[in-house]
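Since the structure comes first, as C-alpha cells, the remarks are kept for the end.
Values in this text are rule-based calculations from the coordinates and carry no lab data. Values in this document were obtained by computation on a predicted structure and should not be read as measured data. A quick note on method: Cβ atoms are made from the backbone with ideal geometry, for glycine too, and the neighbour counts reach across all protein chains shown.
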Amino acid sequence: MSKQFSYPEYNEEGIKVLSTAGDAENDMMMNITVYHMKAGEERTFVYPSEEMAVLLVLGEITYKWNDHMESGKRDSFIEEGPYCLHVSRGVEVTVNALADSEVLVQCTENDKDFGQIFYRPEDCRDDIFGADMFDNKMKRTVRTVFDYSNAPYSNMVNGEVINHQGGWSSYTPHHHPQPEVYYYRYERPEGFGACFIGDDAYKIMDGSAAAIPPGKTHPQVTAPAFPMYYCWMIRHLEGNPWTDRVVDPRYTWIGA
C-alpha cells in the first residue's frame, strides 16, 4: 500500500489512524486519528507535548475542557460548516457523543502555550474559488478553521474543502514545502474520485486519506453526482509556515 494514499479502516475500538508523526516512509509530522463514537460514548484526549484540534466531522457531541463546555451538531459535512476545538499542549478534552458521531483529532509538537479556541461554523472563513471559470469545473468551497493568519502560535493548519460534483479542487496544480494530509468523505458510500500526487494517480473512496509529501502537486477531481468533502491539514515548518501555494509554472496561465 502506498504511503502517499491509503484506505484506512476503523478497528474494533472505532479508531482509524490517518498519519503518525515520525513515519520513516512518509512523515507528515502530525498524528491524525479519526474516531467513530456511538451515542452515549465518552472519550478523553490529552497530549503533554502536542497541540490538538478536535474536529466534528459528523454527528452531535459535547466538548469539555478546563471549566468550559460547548456543543456541536452536524447533520451534513457537505452543507454545514465545522465545529472544532483547538487547544495547546497538556489540555485535557473530553468528548461525549449525543448521537453516533465521527470526530477527527489532529496533533503535532508545539511548546507554545495559548488560549483554547472553540470554532463554530460562523467563526470559520468560507471562500468560493474558481467560480465562473472553465464551465465551473474548478469551482470549490474552502472552509478554513485556522491557519497562520488567525493562529500564528500554531504549528498546524486545519480546514475543509467541498469539491463540487463533477469538478476539480486543489486546483490549479500546486505544491508547497510543508506536508499535508487529506481525509475524504462522501455522503453516499459509492462516491468516488481521483487524487493526483506528483505523477501518481489514486482512486478516492469514502474514508480514504492522502499523505502529500512536500514539493508534490496534488489536484483532485470527483465524479458527477458525488460532491466530495475532505479535511485538509498542513504542518508548518520551523521558520517556514504555510501561507500560500506554489503553482506549477506550466499552469499559471489558468489564473486561479
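Taken over the stretch 156-220, the percentage of Cα pairs per 10 Å bin, counting from 0 up to the bin with the maximum distance, is 20, 59, 21, 1.
Sorted from longest to shortest, the spans of the Cα atoms of the stretch 142-256 along the three principal axes equal 42, 30, 22 Å. In whole percents, the pair-distance distribution calculated for the stretch 113-202 from its alpha-carbon pairs, binned every 5 Å from zero, is 3, 10, 18, 22, 20, 15, 7, 3, 1, 0. Here the extension length gained between GLN165 and GLU80 equals 29.0 nm, from 0.36 nm per residue of separation less the Cα-Cα distance. The listed peptides 78-85, 185-192, 126-133, ordered by packing as a protection proxy, come out as 78-85, 185-192, 126-133 (highest mean of other Cβ atoms within 10 Å first). Counted by Cβ distance under 10 Å from HIS164, the other residues give a net charge of +3, where Lys and Arg count +1 and Asp and Glu count -1. A simple packing score, the average count of other Cβ atoms within 10 Å per residue, orders the peptides 35-44, 90-99 as 90-99, 35-44, with the highest score first.
Taking a sphere under 11 Å around the Cβ of SER208 and counting the other residues whose Cβ falls inside, with K and R at +1 and D and E at -1, yields a net charge of +1. The calculated Kirkwood hydrodynamic radius for the stretch 9-161 is 16.3 Å, given to one decimal from all distinct C-alpha pairs.
Spin-label model, ALA223 to GLU12: label points 7 Å out along the Cα-to-beta-carbon direction sit 3.4 nm apart. Computed from phi, the 3J(HN,Hα) profile of the stretch 106-114 under the Karplus parametrisation 6.51, -1.76, 1.60 (θ = phi - 60°) reads 10, 9, 7, 4, 6, 8, 7, 9, 9 Hz, with x in place of Gly and Pro.
Going through [x] 40, 39, 33; [y] 52, 41, 37; [z] 55, 36, 29, the figure that equals Cα extents along the principal axes in Å as computed for the structure here is [y].
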